[in-house]
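Bear in mind these aren't lab numbers, they're just calculated from the coordinates by the rules spelled out. It should be emphasised that the depicted structure is a prediction, and the values quoted were computed from it without experimental measurement. Glycine also receives a Cβ, built like all others from the backbone with ideal geometry; neighbour counts cover every protein chain displayed.
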């Protein structure tokens, strides 16, 4: 090892809220995770010293199984080509997961398909996304992409959109 410890990243340097200069690029640490699975998976691994899956909320699943809230959205941008893109944001209240799908449009330059895979995604504040966060005309930020909610399907409008 070199006599210059400033050339190496040490475990003490890897904390949330710190910044590192790596090859001339500034990286900021937001938090610490194993990188595998959800926040609940990581917490369960720490608490049990193993990798048992976290317990599911069975009553929540039983009440909401098969329910999907679908919101139609567009990106909040001034770029002409990107502003034309349309998305379907699907919320699954049975397990608090979210997915985003982009319908394919021929000759648009964008492939379409799955934009964001179904998972228990969290907002910038660390909260899971819920239907209460989605109202017509509001802007919702998902992993640094800002979506403007334009509409919802009939079921979603009847159940949760005012």
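As a footprinting exposure proxy, order 119, 87, 58 by other Cβ within 10 Å, with the fewest listed first. Before the final figure, lay out each step's value.
On the way: 119 13, 87 23, 58 8.
Least crowded to most crowded, the residues run 58, 119, 87.
Using alpha-carbon pairs under 8 Å, 6+ residues apart, how would you state the relative contact order of the range 66-159 in percent?
Details: 180 pairs, mean separation 28.6, N = 94.
Relative CO of the range 66-159 lands at 30 percent.
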Review point. Sorted by mean Cβ packing within 10 Å, highest first, what order do the peptides 15-24, 94-103 take?
Key: 94-103, 15-24
Review point. Between the helical axis of 39-48 and the dominant principal axis of the chain, each derived from Cα atoms, what acute angle in degrees is found, rounded to the nearest 10?
Key: 50
Practice item. Go ahead and run the numbers for FRET between residue 60 and residue 9, Cβ-Cβ distance against an R0 of 41 Å, rounding to 0.05. Key: 0.50
Exercise for review: Name the shape class, rounded, prolate or oblate, that the alpha-carbon gyration tensor gives for the chain, where a ≥ b ≥ c are the square roots of its eigenvalues, rounded holds for a/c under 1.5, and otherwise prolate holds if a/b is larger than b/c and oblate otherwise.
Suggested key: oblate
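Is it possible to state the helix-based mean residue ellipticity at 222 nm for the chain, with each DSSP H run of 4+ residues giving -39500 (n - 2.57), the sum divided by total residues, to the nearest 500 deg cm²/dmol? What is it?
Working: 4 runs with 27 residues, N = 162.
Helices in the chain give a 222 nm mean residue ellipticity of -4000 deg cm²/dmol.
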**Study point:** Ascending count of other beta-carbon atoms within 10 Å, so fewest first, for 71, 134
**Key:** 134, 71
Exercise for review: Output the relative contact order of the chain, whole-number percent, from Cα pairs under 8 angstrom with separation of 6+ residues.
Suggested key: 16
